[in-house]
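The values are calculated or read from the model by the stated rules, or taken from the named source; none is laboratory data. From a predicted model like this one, the values you see are computed outputs, not experimental measurements. Using ideal geometry, Cβ is built from the backbone for each residue, glycine included, and neighbour counts are taken over all protein chains shown. Keep in mind that these areas ignore ligands, DNA and RNA; they rest on the heavy atoms of the full protein, side chains included. Shrake-Rupley method; radii C 1.70, N 1.55, O 1.52, S 1.80 Å.
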Amino acid sequence: MNKKDRLNTSGLGVGYVSVMIIFAVICLTIFAVFSFSAASSSDGFNKRSGDYLKQYYAADSAAKSKLAQLDGIAKIVMETGFFEDEFEDAVSEQLAGVALNRIADGFSAVWTEKINDRQELFVTVNFTSGGDCEIIRWQTGAVSEDSSESHLGVWDGSF
Amino acid sequence: MSALKAFGGGKRRPINLFFAEIIIALLFFSISGAVIIKVFATADMKSQQSARLERVIILAQSIAEAYSDSGNFSRAAELAFGGGLVVGEPAADGGEVTLSIENGSMYLTARESREFTGAGEISSLTLTFTANGEEIYSLDCSAYIRNGGEPDE
Amino acid sequence: MKKYQNKTLSDTVSTVGSMLLFLMFAACLLMIIAVAAGTYSRISSNFDKTFGSSASLRYISNKLKGCGSAEIVGQGSGIVLRSDGIFDVIYFGDDGLYEKTVTSETDIGLSGGDRIFELKGMTVSDLGELYKITVTYDGGENSTLIRKG
(Lines give C-alpha, C1' and ligand atoms only; values in the text may rest on other atoms or scores of the structure.)
Protein backbone atom coordinates (compact mmCIF):
# COMPACT_ATOMS: atom_id res chain seq x y z
CA MET A 1 0.00 0.00 0.00
CA ASN A 2 1.56 3.27 -1.11
CA LYS A 3 1.34 6.53 0.82
CA LYS A 4 -1.78 7.77 -1.07
CA ASP A 5 -3.70 4.58 -0.38
CA ARG A 6 -2.72 4.69 3.22
CA LEU A 7 -4.05 8.17 3.53
CA ASN A 8 -7.43 7.49 1.91
CA THR A 9 -9.10 4.14 2.13
CA SER A 10 -12.74 5.33 2.06
CA GLY A 11 -13.21 5.18 -1.71
CA LEU A 12 -14.23 8.83 -1.76
CA GLY A 13 -11.94 11.54 -2.91
CA VAL A 14 -10.77 14.26 -0.62
CA GLY A 15 -12.49 17.64 -1.13
CA TYR A 16 -16.05 16.61 -2.03
CA VAL A 17 -17.29 17.24 1.50
CA SER A 18 -15.56 20.59 1.68
CA VAL A 19 -17.07 21.69 -1.62
CA MET A 20 -20.54 20.59 -0.47
CA ILE A 21 -20.19 22.36 2.85
CA ILE A 22 -19.03 25.57 1.20
CA PHE A 23 -21.93 25.37 -1.26
CA ALA A 24 -24.42 24.77 1.57
CA VAL A 25 -23.03 27.60 3.68
CA ILE A 26 -23.15 29.99 0.72
CA CYS A 27 -26.77 28.97 -0.04
CA LEU A 28 -27.83 29.31 3.58
CA THR A 29 -26.07 32.65 3.93
CA ILE A 30 -27.81 33.99 0.81
CA PHE A 31 -31.24 32.85 2.06
CA ALA A 32 -30.56 34.21 5.54
CA VAL A 33 -29.47 37.58 4.19
CA PHE A 34 -32.50 37.77 1.86
CA SER A 35 -34.87 36.80 4.69
CA PHE A 36 -33.37 39.34 7.04
CA SER A 37 -33.44 42.01 4.37
CA ALA A 38 -37.13 41.33 3.55
CA ALA A 39 -38.08 41.30 7.23
CA SER A 40 -36.17 44.43 8.09
CA SER A 41 -37.46 46.37 5.08
CA SER A 42 -41.02 45.42 6.07
CA ASP A 43 -40.28 46.38 9.67
CA GLY A 44 -38.73 49.68 8.62
CA PHE A 45 -41.70 50.48 6.42
CA ASN A 46 -44.14 49.81 9.24
CA LYS A 47 -42.11 51.76 11.78
CA ARG A 48 -41.96 54.78 9.47
CA SER A 49 -45.68 54.46 8.87
CA GLY A 50 -46.33 54.24 12.63
CA ASP A 51 -44.13 57.27 13.27
CA TYR A 52 -45.95 59.26 10.61
CA LEU A 53 -49.29 58.36 12.18
CA LYS A 54 -48.04 59.60 15.57
CA GLN A 55 -46.82 62.85 14.00
CA TYR A 56 -50.11 63.33 12.16
CA TYR A 57 -52.26 62.83 15.26
CA ALA A 58 -49.94 65.07 17.32
CA ALA A 59 -50.54 67.86 14.77
CA ASP A 60 -54.25 66.99 14.67
CA SER A 61 -54.47 67.22 18.48
CA ALA A 62 -52.60 70.54 18.49
CA ALA A 63 -54.99 71.89 15.85
CA LYS A 64 -57.99 70.70 17.89
CA SER A 65 -56.60 72.32 21.00
CA LYS A 66 -56.28 75.61 19.07
CA LEU A 67 -59.79 75.17 17.73
CA ALA A 68 -61.10 74.69 21.28
CA GLN A 69 -59.33 77.87 22.41
CA LEU A 70 -60.67 79.84 19.43
CA ASP A 71 -64.16 78.53 20.06
CA GLY A 72 -63.86 79.49 23.73
CA ILE A 73 -62.72 83.00 22.79
CA ALA A 74 -65.56 83.29 20.26
CA LYS A 75 -68.08 82.28 22.92
CA ILE A 76 -66.79 84.78 25.49
CA VAL A 77 -66.60 87.59 22.91
CA MET A 78 -70.07 86.78 21.62
CA GLU A 79 -71.51 87.17 25.11
CA THR A 80 -70.23 90.76 25.19
CA GLY A 81 -72.33 91.55 22.12
CA PHE A 82 -69.38 93.02 20.20
CA PHE A 83 -68.18 89.92 18.35
CA GLU A 84 -67.13 91.69 15.17
CA ASP A 85 -65.10 94.27 17.07
CA GLU A 86 -63.48 92.23 19.80
CA PHE A 87 -62.86 88.76 18.36
CA GLU A 88 -59.82 89.81 16.33
CA ASP A 89 -58.18 91.60 19.27
CA ALA A 90 -58.90 88.75 21.66
CA VAL A 91 -57.44 86.17 19.27
CA SER A 92 -54.30 88.19 18.56
CA GLU A 93 -53.78 88.65 22.30
CA GLN A 94 -54.33 85.05 23.33
CA LEU A 95 -53.32 82.94 20.35
CA ALA A 96 -50.21 83.10 18.21
CA GLY A 97 -50.00 81.80 14.68
CA VAL A 98 -53.68 82.22 13.80
CA ALA A 99 -54.56 84.50 10.90
CA LEU A 100 -58.06 85.97 10.83
CA ASN A 101 -59.81 87.01 7.65
CA ARG A 102 -63.12 88.84 7.62
CA ILE A 103 -65.99 86.99 6.02
CA ALA A 104 -69.68 87.81 5.87
CA ASP A 105 -70.99 87.80 9.43
CA GLY A 106 -67.79 86.74 11.08
CA PHE A 107 -64.19 85.63 10.72
CA SER A 108 -62.28 82.91 9.03
CA ALA A 109 -59.42 81.60 11.18
CA VAL A 110 -56.52 80.08 9.29
CA TRP A 111 -53.55 78.32 10.83
CA THR A 112 -51.18 75.43 10.22
CA GLU A 113 -49.71 72.74 12.40
CA LYS A 114 -46.44 71.12 11.47
CA ILE A 115 -46.65 67.35 11.01
CA ASN A 116 -43.01 66.78 10.03
CA ASP A 117 -40.34 68.44 7.90
CA ARG A 118 -42.29 67.82 4.73
CA GLN A 119 -45.94 68.10 5.71
CA GLU A 120 -48.26 70.46 7.50
CA LEU A 121 -51.88 70.35 8.54
CA PHE A 122 -53.78 73.28 7.07
CA VAL A 123 -56.85 74.35 9.02
CA THR A 124 -59.51 76.91 8.18
CA VAL A 125 -62.45 77.45 10.51
CA ASN A 126 -65.21 80.00 10.11
CA PHE A 127 -66.66 81.68 13.21
CA THR A 128 -69.80 83.72 12.84
CA SER A 129 -71.41 86.22 15.15
CA GLY A 130 -74.38 83.88 15.35
CA GLY A 131 -72.24 81.44 17.30
CA ASP A 132 -71.55 79.02 14.47
CA CYS A 133 -68.21 77.36 14.05
CA GLU A 134 -67.66 75.56 10.77
CA ILE A 135 -64.56 73.62 9.77
CA ILE A 136 -63.83 74.58 6.16
CA ARG A 137 -60.48 72.93 5.73
CA TRP A 138 -58.69 70.24 7.74
CA GLN A 139 -56.21 69.04 5.24
CA THR A 140 -52.61 67.87 5.03
CA GLY A 141 -50.29 69.39 2.48
CA ALA A 142 -46.67 69.91 1.63
CA VAL A 143 -44.73 72.46 3.63
CA SER A 144 -44.65 75.69 1.66
CA GLU A 145 -41.00 76.21 0.82
CA ASP A 146 -39.15 79.35 -0.06
CA SER A 147 -38.87 79.21 -3.84
CA SER A 148 -35.38 80.75 -3.82
CA GLU A 149 -34.08 77.83 -1.76
CA SER A 150 -35.98 75.04 -3.43
CA HIS A 151 -35.33 75.76 -7.10
CA LEU A 152 -33.42 73.19 -9.09
CA GLY A 153 -29.89 74.19 -9.97
CA VAL A 154 -30.47 74.22 -13.72
CA TRP A 155 -29.15 76.74 -16.17
CA ASP A 156 -31.73 79.47 -16.82
CA GLY A 157 -30.17 80.62 -20.08
CA SER A 158 -28.34 83.63 -18.68
CA PHE A 159 -24.58 84.02 -18.33
CA MET B 1 2.29 7.71 16.07
CA SER B 2 2.27 5.91 19.35
CA ALA B 3 -1.35 6.95 19.77
CA LEU B 4 -2.27 5.53 16.36
CA LYS B 5 -0.55 2.37 17.23
CA ALA B 6 -2.50 2.22 20.42
CA PHE B 7 -5.76 2.58 18.44
CA GLY B 8 -4.81 -0.16 16.08
CA GLY B 9 -3.78 -2.42 18.88
CA GLY B 10 -0.20 -2.08 17.86
CA LYS B 11 -1.04 -2.69 14.19
CA ARG B 12 -0.26 0.21 11.83
CA ARG B 13 -3.61 1.71 10.55
CA PRO B 14 -3.90 4.11 7.59
CA ILE B 15 -4.89 7.73 8.26
CA ASN B 16 -8.35 8.26 6.70
CA LEU B 17 -8.38 11.72 5.14
CA PHE B 18 -12.11 11.45 4.40
CA PHE B 19 -13.00 11.31 8.08
CA ALA B 20 -10.51 13.99 8.95
CA GLU B 21 -12.07 16.24 6.29
CA ILE B 22 -15.64 15.52 7.32
CA ILE B 23 -14.83 16.37 10.95
CA ILE B 24 -13.21 19.66 10.00
CA ALA B 25 -16.08 20.44 7.59
CA LEU B 26 -18.69 19.66 10.23
CA LEU B 27 -16.90 21.88 12.70
CA PHE B 28 -16.93 24.73 10.21
CA PHE B 29 -20.57 24.04 9.29
CA SER B 30 -21.70 23.94 12.92
CA ILE B 31 -20.11 27.32 13.61
CA SER B 32 -21.46 29.00 10.46
CA GLY B 33 -24.79 27.17 10.88
CA ALA B 34 -25.21 28.60 14.36
CA VAL B 35 -24.74 32.11 13.00
CA ILE B 36 -27.04 31.49 10.03
CA ILE B 37 -29.79 29.98 12.19
CA LYS B 38 -29.59 33.00 14.48
CA VAL B 39 -30.02 35.28 11.46
CA PHE B 40 -33.01 33.20 10.28
CA ALA B 41 -34.59 33.25 13.72
CA THR B 42 -34.15 37.02 13.94
CA ALA B 43 -35.60 37.49 10.46
CA ASP B 44 -38.59 35.29 11.26
CA MET B 45 -39.24 37.09 14.54
CA LYS B 46 -38.88 40.48 12.84
CA SER B 47 -41.27 39.38 10.12
CA GLN B 48 -43.90 38.31 12.67
CA GLN B 49 -43.46 41.49 14.68
CA SER B 50 -43.71 43.54 11.53
CA ALA B 51 -46.95 41.82 10.44
CA ARG B 52 -48.38 42.45 13.91
CA LEU B 53 -47.29 46.09 13.89
CA GLU B 54 -48.90 46.51 10.49
CA ARG B 55 -52.27 45.27 11.77
CA VAL B 56 -51.94 47.37 14.92
CA ILE B 57 -51.19 50.58 13.00
CA ILE B 58 -54.23 50.15 10.79
CA LEU B 59 -56.38 49.40 13.82
CA ALA B 60 -54.98 52.39 15.72
CA GLN B 61 -55.73 54.66 12.78
CA SER B 62 -59.30 53.37 12.54
CA ILE B 63 -59.93 53.93 16.25
CA ALA B 64 -58.26 57.36 16.21
CA GLU B 65 -60.30 58.49 13.21
CA ALA B 66 -63.58 57.26 14.66
CA TYR B 67 -62.70 58.77 18.03
CA SER B 68 -61.76 62.12 16.48
CA ASP B 69 -65.21 62.24 14.96
CA SER B 70 -67.28 61.23 17.97
CA GLY B 71 -65.11 61.62 21.07
CA ASN B 72 -66.55 58.31 22.22
CA PHE B 73 -64.13 55.40 22.64
CA SER B 74 -66.81 52.68 22.84
CA ARG B 75 -68.29 53.75 19.54
CA ALA B 76 -64.87 54.13 17.97
CA ALA B 77 -63.82 50.64 19.09
CA GLU B 78 -67.06 49.10 17.89
CA LEU B 79 -66.65 50.74 14.49
CA ALA B 80 -63.00 49.74 14.21
CA PHE B 81 -63.55 46.15 15.30
CA GLY B 82 -66.64 45.76 13.16
CA GLY B 83 -69.23 45.60 15.93
CA GLY B 84 -68.17 42.10 17.00
CA LEU B 85 -66.45 43.56 20.03
CA VAL B 86 -68.42 44.58 23.07
CA VAL B 87 -66.65 47.24 25.07
CA GLY B 88 -67.85 46.83 28.61
CA GLU B 89 -67.30 50.20 30.17
CA PRO B 90 -66.18 53.20 28.18
CA ALA B 91 -62.97 54.76 29.38
CA ALA B 92 -64.61 58.02 30.26
CA ASP B 93 -63.65 60.60 32.89
CA GLY B 94 -59.97 59.81 33.04
CA GLY B 95 -60.65 56.10 33.10
CA GLU B 96 -58.83 53.24 31.47
CA VAL B 97 -60.15 50.24 29.63
CA THR B 98 -58.28 47.16 28.45
CA LEU B 99 -59.52 45.01 25.60
CA SER B 100 -58.27 41.62 24.57
CA ILE B 101 -57.82 41.53 20.80
CA GLU B 102 -56.56 39.13 18.11
CA ASN B 103 -57.82 36.07 20.01
CA GLY B 104 -56.16 37.14 23.22
CA SER B 105 -52.68 37.49 21.74
CA MET B 106 -52.72 41.24 22.20
CA TYR B 107 -54.20 43.81 24.53
CA LEU B 108 -55.39 47.28 23.78
CA THR B 109 -55.37 49.72 26.67
CA ALA B 110 -57.22 52.99 26.17
CA ARG B 111 -56.74 55.90 28.54
CA GLU B 112 -59.06 58.81 28.17
CA SER B 113 -59.05 62.25 29.71
CA ARG B 114 -61.58 65.03 29.20
CA GLU B 115 -61.22 68.73 29.63
CA PHE B 116 -64.06 71.21 29.46
CA THR B 117 -63.12 74.34 27.58
CA GLY B 118 -65.21 77.47 27.33
CA ALA B 119 -67.32 76.27 24.45
CA GLY B 120 -66.92 72.53 24.37
CA GLU B 121 -65.04 69.51 25.52
CA ILE B 122 -61.66 68.38 24.37
CA SER B 123 -60.92 64.75 25.08
CA SER B 124 -57.61 62.95 24.66
CA LEU B 125 -57.24 59.26 24.08
CA THR B 126 -54.05 57.24 24.41
CA LEU B 127 -54.12 53.85 22.74
CA THR B 128 -51.46 51.35 23.83
CA PHE B 129 -51.13 47.96 22.18
CA THR B 130 -49.24 45.32 24.14
CA ALA B 131 -48.32 41.69 23.59
CA ASN B 132 -46.60 39.49 26.19
CA GLY B 133 -46.33 42.49 28.48
CA GLU B 134 -44.36 44.44 25.89
CA GLU B 135 -45.59 47.60 24.23
CA ILE B 136 -45.97 47.26 20.47
CA TYR B 137 -47.36 50.63 19.56
CA SER B 138 -49.01 53.60 21.17
CA LEU B 139 -50.91 56.51 19.69
CA ASP B 140 -52.31 59.71 21.15
CA CYS B 141 -55.31 61.31 19.55
CA SER B 142 -57.96 63.78 20.56
CA ALA B 143 -61.46 64.95 19.79
CA TYR B 144 -63.15 68.29 20.17
CA ILE B 145 -66.88 68.21 20.67
CA ARG B 146 -68.78 71.48 20.83
CA ASN B 147 -71.54 71.51 23.39
CA GLY B 148 -72.10 75.16 23.96
CA GLY B 149 -69.97 75.22 27.08
CA GLU B 150 -72.23 72.93 29.06
CA PRO B 151 -70.27 69.97 30.40
CA ASP B 152 -71.83 66.52 30.05
CA GLU B 153 -73.30 65.56 33.38
CA MET C 1 -5.94 -5.94 -9.98
CA LYS C 2 -3.43 -6.67 -7.35
CA LYS C 3 -4.57 -3.59 -5.57
CA TYR C 4 -8.13 -4.92 -5.16
CA GLN C 5 -7.04 -8.35 -4.19
CA ASN C 6 -5.12 -6.84 -1.33
CA LYS C 7 -8.22 -5.18 0.05
CA THR C 8 -9.54 -6.68 3.24
CA LEU C 9 -13.15 -6.95 4.41
CA SER C 10 -12.61 -4.09 6.82
CA ASP C 11 -11.55 -1.83 3.92
CA THR C 12 -14.74 -2.70 2.01
CA VAL C 13 -16.92 -2.03 5.05
CA SER C 14 -15.09 1.22 5.62
CA THR C 15 -15.67 2.29 2.01
CA VAL C 16 -19.39 1.42 2.13
CA GLY C 17 -19.75 3.14 5.52
CA SER C 18 -18.01 6.22 4.24
CA MET C 19 -20.26 6.27 1.19
CA LEU C 20 -23.37 5.97 3.36
CA LEU C 21 -22.10 8.67 5.67
CA PHE C 22 -21.41 10.90 2.71
CA LEU C 23 -24.90 10.31 1.28
CA MET C 24 -26.52 11.00 4.64
CA PHE C 25 -24.46 14.11 4.96
CA ALA C 26 -25.45 15.26 1.46
CA ALA C 27 -29.16 14.55 2.17
CA CYS C 28 -29.01 16.49 5.44
CA LEU C 29 -27.39 19.44 3.72
CA LEU C 30 -30.05 19.45 1.00
CA MET C 31 -32.77 19.27 3.63
CA ILE C 32 -31.29 22.19 5.52
CA ILE C 33 -31.07 24.23 2.32
CA ALA C 34 -34.70 23.33 1.49
CA VAL C 35 -35.85 24.42 4.97
CA ALA C 36 -33.92 27.68 4.63
CA ALA C 37 -35.43 28.32 1.20
CA GLY C 38 -38.89 27.58 2.65
CA THR C 39 -38.37 30.05 5.48
CA TYR C 40 -37.23 32.74 3.06
CA SER C 41 -40.16 32.01 0.77
CA ARG C 42 -42.62 32.25 3.71
CA ILE C 43 -41.19 35.56 4.94
CA SER C 44 -41.13 36.98 1.45
CA SER C 45 -44.67 35.87 0.53
CA ASN C 46 -46.09 37.18 3.84
CA PHE C 47 -44.47 40.51 3.12
CA ASP C 48 -45.76 40.59 -0.45
CA LYS C 49 -49.29 39.63 0.62
CA THR C 50 -49.69 42.16 3.37
CA PHE C 51 -47.65 44.94 1.77
CA GLY C 52 -50.12 45.50 -1.06
CA SER C 53 -53.11 45.73 1.26
CA SER C 54 -51.60 47.88 4.00
CA ALA C 55 -49.70 50.14 1.64
CA SER C 56 -52.82 50.71 -0.46
CA LEU C 57 -54.86 51.50 2.67
CA ARG C 58 -52.24 53.97 3.84
CA TYR C 59 -52.01 55.47 0.39
CA ILE C 60 -55.77 56.07 0.15
CA SER C 61 -55.89 57.30 3.77
CA ASN C 62 -53.14 59.83 3.17
CA LYS C 63 -54.77 60.95 -0.07
CA LEU C 64 -58.07 61.44 1.76
CA LYS C 65 -56.36 63.42 4.53
CA GLY C 66 -54.80 65.65 1.91
CA CYS C 67 -57.81 66.29 -0.29
CA GLY C 68 -60.40 69.02 -0.14
CA SER C 69 -63.42 66.79 -0.56
CA ALA C 70 -64.16 63.25 -1.63
CA GLU C 71 -66.99 61.40 -3.31
CA ILE C 72 -67.66 57.69 -3.65
CA VAL C 73 -68.15 56.53 -7.24
CA GLY C 74 -68.88 53.24 -8.98
CA GLN C 75 -71.00 51.87 -6.12
CA GLY C 76 -68.06 51.94 -3.75
CA SER C 77 -65.42 50.58 -6.10
CA GLY C 78 -63.84 53.99 -6.50
CA ILE C 79 -63.41 57.37 -4.90
CA VAL C 80 -62.88 60.80 -6.41
CA LEU C 81 -60.70 63.17 -4.41
CA ARG C 82 -61.02 66.83 -5.23
CA SER C 83 -58.49 69.50 -4.39
CA ASP C 84 -57.80 72.82 -6.10
CA GLY C 85 -59.66 71.89 -9.30
CA ILE C 86 -57.80 68.61 -9.71
CA PHE C 87 -59.69 65.33 -9.55
CA ASP C 88 -57.82 62.28 -8.36
CA VAL C 89 -59.72 59.09 -9.15
CA ILE C 90 -58.71 55.93 -7.26
CA TYR C 91 -60.63 52.83 -8.26
CA PHE C 92 -60.53 49.06 -8.31
CA GLY C 93 -60.62 47.11 -11.54
CA ASP C 94 -58.95 44.17 -13.23
CA ASP C 95 -57.27 42.74 -10.09
CA GLY C 96 -55.63 45.99 -9.17
CA LEU C 97 -56.00 49.44 -7.73
CA TYR C 98 -55.78 52.16 -10.34
CA GLU C 99 -55.33 55.88 -10.11
CA LYS C 100 -55.72 58.73 -12.55
CA THR C 101 -55.57 62.47 -12.21
CA VAL C 102 -57.85 64.61 -14.34
CA THR C 103 -58.59 68.31 -14.46
CA SER C 104 -62.06 68.13 -15.99
CA GLU C 105 -65.10 66.67 -14.26
CA THR C 106 -66.19 65.05 -17.52
CA ASP C 107 -63.06 62.89 -17.56
CA ILE C 108 -63.93 61.25 -14.25
CA GLY C 109 -64.52 57.58 -14.96
CA LEU C 110 -63.32 54.22 -13.76
CA SER C 111 -60.98 53.52 -16.64
CA GLY C 112 -57.73 54.70 -18.12
CA GLY C 113 -55.81 54.92 -14.85
CA ASP C 114 -52.37 53.66 -13.89
CA ARG C 115 -52.10 50.46 -11.87
CA ILE C 116 -50.67 51.29 -8.45
CA PHE C 117 -51.31 48.13 -6.38
CA GLU C 118 -52.20 44.53 -7.05
CA LEU C 119 -55.34 43.68 -5.08
CA LYS C 120 -58.33 41.35 -5.18
CA GLY C 121 -60.85 44.03 -4.28
CA MET C 122 -61.41 47.50 -2.85
CA THR C 123 -64.60 49.07 -1.57
CA VAL C 124 -65.30 52.43 -0.02
CA SER C 125 -68.41 52.73 2.12
CA ASP C 126 -70.01 55.74 3.71
CA LEU C 127 -70.55 55.52 7.51
CA GLY C 128 -71.96 58.98 8.04
CA GLU C 129 -69.02 61.11 9.09
CA LEU C 130 -66.49 58.43 8.20
CA TYR C 131 -65.40 56.49 5.17
CA LYS C 132 -64.61 52.81 5.54
CA ILE C 133 -62.05 51.56 3.06
CA THR C 134 -61.79 47.78 2.69
CA VAL C 135 -59.17 46.07 0.57
CA THR C 136 -59.13 42.37 -0.22
CA TYR C 137 -55.91 40.54 -0.99
CA ASP C 138 -54.86 36.93 -1.49
CA GLY C 139 -55.68 35.40 1.87
CA GLY C 140 -57.63 38.09 3.67
CA GLU C 141 -58.96 41.58 3.89
CA ASN C 142 -58.01 44.75 5.68
CA SER C 143 -60.01 47.84 6.42
CA THR C 144 -59.59 51.27 7.93
CA LEU C 145 -61.76 54.24 8.83
CA ILE C 146 -61.09 57.79 7.71
CA ARG C 147 -62.90 60.99 8.60
CA LYS C 148 -64.56 62.87 5.80
CA GLY C 149 -62.60 65.94 4.79
Reported set for segment B:104-131 where residues are assigned to a strand (DSSP E or B) and open to solvent by 30 Å² or more (accessible area, probe 1.4 Å) is B:Y107, B:R111, B:S113, B:R114, B:E115, B:F116, B:S124, B:T126, B:T130
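Can you find a residue in segment A:103-123 that is at negative phi, at the interface with chain B (Cβ under 8 Å from one of its Cβ atoms) and free of Cβ contacts under 8 Å to residues at least 60 places away in the same chain?
From segment A:103-123, those at negative phi are A:103-104, A:107-123; that's our starting set.
If we keep only those that are at the interface with chain B (Cβ under 8 Å from one of its Cβ atoms) as well, we get none.
No, because not a single residue in segment A:103-123 is at negative phi, at the interface with chain B (Cβ under 8 Å from one of its Cβ atoms) and free of Cβ contacts under 8 Å to residues at least 60 places away in the same chain.
Please enumerate the residues belonging to segment A:125-144 that are of a type in the set (V, I, T) and closer than 14 Å to C:G66 by Cα. Give the steps one after another, and end with the answer.
Here is the first cut: in segment A:125-144, the ones of a type in the set (V, I, T) are A:125, A:128, A:135-136, A:140, A:143.
Within segment A:125-144, A:I136, A:T140, A:V143 meet the criteria.
What number of residues in segment C:118-127 are open to solvent by 40 Å² or more (accessible area, probe 1.4 Å) and in contact with a Ser or Thr (Cβ under 7 Å, 6 or more places away or on another chain)?
In the first step, residues of segment C:118-127 are kept if they are open to solvent by 40 Å² or more (accessible area, probe 1.4 Å); the result is C:118, C:120, C:123, C:125-127.
Still in the running and in contact with a Ser or Thr (Cβ under 7 Å, 6 or more places away or on another chain): C:120, C:123.
Of the residues in segment C:118-127, 2 are open to solvent by 40 Å² or more (accessible area, probe 1.4 Å) and in contact with a Ser or Thr (Cβ under 7 Å, 6 or more places away or on another chain).
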A careful count of residues in segment A:17-59 that are free of Cβ contacts under 8 Å to residues at least 60 places away in the same chain and more than 19 Å from C:M31 (Cα to Cα) gives 20
Across (1) modelled with pLDDT under 90; (2) within 9 Å of chain A (Cβ to nearest Cβ), C:K49 clears everything bar (2)
Among A:A58, A:A109, A:A24, A:A39, the single one that is at pLDDT 95 or above and either assigned to a strand (DSSP E or B) or of a type in the set (G, A, S) (or both) is A:A58
Checklist entry - Are any of the residues in segment A:36-51 over 25 Å from B:A43 (Cα atoms), more than 7 Å from chain B (Cβ to nearest Cβ) and either surrounded by 17 or more Cβ atoms within 10 Å (Cβ to Cβ) or hydrophobic (A, V, I, L, M, F, W, C) (or both)? => result no
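For segment C:84-91, state whether one or more residues are in contact with a helix residue (DSSP H, G or I) (Cβ under 9 Å, 6 or more places away or on another chain), open to solvent by less than 70 Å² (accessible area, probe 1.4 Å) and at pLDDT below 90. Talk me through it step by step, then tell me what you get.
First, pick out the residues of segment C:84-91 that are in contact with a helix residue (DSSP H, G or I) (Cβ under 9 Å, 6 or more places away or on another chain): C:87-91.
After this cut, where a residue has to be open to solvent by less than 70 Å² (accessible area, probe 1.4 Å) as well, the list is C:87-91.
Still in the list and also at pLDDT below 90: none.
Within segment C:84-91, not a single residue is in contact with a helix residue (DSSP H, G or I) (Cβ under 9 Å, 6 or more places away or on another chain), open to solvent by less than 70 Å² (accessible area, probe 1.4 Å) and at pLDDT below 90.
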Within segment A:112-134, restricting to residues that are over 18 Å from A:L95 (Cα atoms) and at pLDDT 90 or above, the one that is surrounded by the most Cβ atoms within 10 Å (Cβ to Cβ) is A:I115
| said: Checking the structure you have, find out if any residue of segment C:105-116 is crowded, with 16+ Cβ neighbours inside 10 Å, of a type in the set (G, A, S) and not in a strand (DSSP E or B). | reply: yes
Counting only residues in segment C:59-82 that are farther than 22 Å from B:E54 by Cα and among the polar types (S, T, N, Q), the one most open to solvent (accessible area, probe 1.4 Å) is identified as C:Q75
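If I go through segment B:26-47 residue by residue, how many of them are farther than 19 Å from A:I30 by Cα and surrounded by 13 or more Cβ atoms within 10 Å (Cβ to Cβ)? Don't jump to the end; show me each part of the working.
Here is the first cut: in segment B:26-47, the ones farther than 19 Å from A:I30 by Cα are B:26-27.
Applying the additional criterion that residues be surrounded by 13 or more Cβ atoms within 10 Å (Cβ to Cβ) yields B:26.
Qualifying residue count for the region: 1.
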